[in-house]
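Single-structure report; data block below.
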Amino acid sequence: MKLVFAGTPEVAVPALDALLASGRHEVAAVVTRPDAPAGRGRHLVASPVAQRAEEAGIEVLKPARPRDEAFLARLREIAPDCCPVVAYGALLPKVALDIPARGWVNLHFSLLPAWRGAAPVQHAVMAGDEVTGASTFQIEEGLDSGPVYGVITEDVRPTDTSGDLLTRLAFAGAGLLAATMDGIEDGSLKAVPQPADGITLAPKIQVEDAHVDWKAPALRVDRVVRGCTPAPGAWTLFRGERLKLIQAALVPDRTDLTPGELGVGKNNVYVGTGSYAVELLWVQPQGKKPMRAADWARGVRIAAGETVGA
């Protein structure tokens with residue numbers, strides 16, 4: 001088939017690479033979000049998908065909105081058979097959905113209908129799911145509601161951050177998307193409607209969602225830290241300034257600290273929760289680089305009974 005691939009962040013690059021390497025389909029063009037400011041200088045930088053496409057000598061389309069007439073006209077000229085999508089980052093209007101003969105097929109990082117929305121992996125980690133996965137489905141106007149072509153499963157490991165899990169799913173899902181294109185092309189794969197039961201939503205994680213509640217049980221604190229790493233980053237307040245929590249560990253045998261109370265040893269920093277303590281391993285004070293929690297504690301000289309949190 002002639003394909004136009006739509007995607008934007010680094011997590012979409014493995015799928016583009018898999019389609020380029022398949023040898024069975026032609027990736028005629030790539031659709032991605034416009035260049036965005038990045039780095040200290042806030043210079044405009046092309047998306048990871050755009051950069052990879054340019055390396056491969058593929059035409060790159062960067063519409064400000066996917067309903068822009070110039071973009072739609074170019075898509076009609078290319079006349080793709082199918083448009084595979086991974087984390088493109090914009091809603092596709094019906095006028096765009098109707099252009100490819102076999103529609104737009106999305107690789108979504110959950111076992112649909114669970115975790116429909118922008119942040120399925122973060123929500124899976126924060127909810128304590130033990131198994132998640134990826135699904136390929138036909139895009140329709142509803143939110144991640146279209147019929148499913150295929151799925152893969154992936155265990156959620158006890159120490160997984162959302163970044164760890166998403167990286168594994170990106171590579172495993174790349175193979176699933178390529179296989180889905182093959183099955184659509186040869187007619188061996190038919191999309192199956194999603195069940196009406198088991199629908200959960202995964203909206204974008206906001207900064208306030210990443211604010212740690214130390215009165216919650218330690219398991220919940222741990223899930224928030226892992227689910228919000230690397231973005232937007234779990235955080236708490238210390239002496240009125242934001243402290244980012246990068247890595248923590250459960251310490252079930254330490255129950256002497258009240259919620260938010262700090263307990264500092266020679267090489268350890270513990271915080272009380274609504275159940276037992278967690279150990280802070282890596283933190284990032286406001287305006288500084290990430291550091292080991294023990295080094296941070298030595299630098300700020302924590303007093304007995306001092307706390308983090310509101």
* Out of all the residues in the range 128-137, is one or more aliphatic (A, V, I, L, M) and under 19 Å from GLY227 (Cβ atoms)? -> yes
* Asked: Give me the pairs: first residue in the range 6-24 and closer than 16 Å to ASP35 by Cβ, second residue open to solvent by 50 Å² or more (accessible area, probe 1.4 Å) and part of a loop (DSSP other than H, G, I, E, B), beta-carbon distance under 8 Å, and six or more apart or on different chains, which are they?
  -> THR8/ARG33; THR8/GLY89; PRO9/GLY89
* Structure fact -> VAL271 meets each of (1) touching a Pro at 6+ places or on another chain (Cβ under 9 Å); (2) open to solvent by less than 20 Å² (accessible area, probe 1.4 Å); (3) farther than 24 Å from THR161 by Cα with one exception, condition (3)
* To do: For the range 117-124, state whether one or more residues are farther than 23 Å from ILE205 by Cα, among the small types (Gly, Ala, Ser), open to solvent by 50 Å² or more (accessible area, probe 1.4 Å) and out of contact with any strand residue (DSSP E or B) (no Cβ under 7 Å at 6 or more places or on another chain).
  => no
* Would the range 280-289 turn up any residue that is touching a residue at least 40 places away in the same chain (Cβ under 8 Å), at negative phi, β-branched (Val, Ile, Thr) and open to solvent by less than 50 Å² (accessible area, probe 1.4 Å)? -> yes
* Residue pairs meeting the criteria (Cβ under 6 Å; at least 6 apart or on separate chains; first over 10 Å from ALA134 (Cβ atoms) and in contact (Cβ under 8 Å) with a residue 60 or more places away in the chain, in the range 156-179; second open to solvent by 50 Å² or more (accessible area, probe 1.4 Å) and not in a helix (DSSP H, G or I)) -> GLY163/PRO230
* Would you pick out the residues in the range 132-146 that are touching a helix residue (DSSP H, G or I) at 6+ places or on another chain (Cβ under 9 Å), open to solvent by 10 Å² or more (accessible area, probe 1.4 Å) and free of Cβ contacts under 8 Å to residues at least 40 places away in the same chain? -> ASP144
* ALA90 is checked against (1) part of a loop (DSSP other than H, G, I, E, B); (2) at pLDDT 95 or above; (3) out of contact with any Lys or Arg (no Cβ under 6 Å at 6 or more places or on another chain) and fails just one. What number does that condition carry? -> (2)
* Structure fact -> When the range 201-227 is checked residue by residue, the ones that are within 29 Å of ALA90 (Cβ to Cβ), out of contact with any strand residue (DSSP E or B) (no Cβ under 7 Å at 6 or more places or on another chain) and open to solvent by 10 Å² or more (accessible area, probe 1.4 Å) are PRO203, LYS204, ILE205, GLN206, VAL207, GLU208, ASP209, ARG226
* Asked: Out of (1) open to solvent by less than 30 Å² (accessible area, probe 1.4 Å); (2) out of contact with any Leu (no Cβ under 7 Å at 6 or more places or on another chain), what's the single condition that is false for ALA28?
  -> (2)
* Asked: Scanning for something over 18 Å from VAL121 (Cβ atoms), of a type outside the set (Phe, Trp, Tyr), crowded, with 21+ Cβ neighbours inside 10 Å and at pLDDT 95 or above, does the range 181-194 turn up at least one residue?
  -> yes
* Being of a type in the set (Lys, Arg), buried (at least 19 other Cβ atoms within 10 Å of the Cβ) and under 30 Å from HIS108 (Cα atoms), is that true of even one residue in the range 238-251? -> yes
* To do: Please find, among ALA64, ALA73, the residue that is in a loop (DSSP other than H, G, I, E, B) and either buried (at least 16 other Cβ atoms within 10 Å of the Cβ) or aliphatic (A, V, I, L, M) (or both).
  => ALA64
* Can you tell which of LEU112, LEU92 is in contact (Cβ under 8 Å) with a residue 40 or more places away in the chain and closer than 21 Å to PRO14 by Cβ? -> LEU112
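The values are calculated or read from the model by the stated rules, or taken from the named source; none is laboratory data. The model shown is predicted, which means the values in this text are computed figures rather than measured ones. Positions of Cβ are generated from backbone atoms using ideal geometry, with glycine treated the same way; all protein chains shown enter the neighbour counts. We work out accessible area using only protein heavy atoms, side chains counted, and drop any ligands, DNA or RNA first. Shrake-Rupley method; radii C 1.70, N 1.55, O 1.52, S 1.80 Å.
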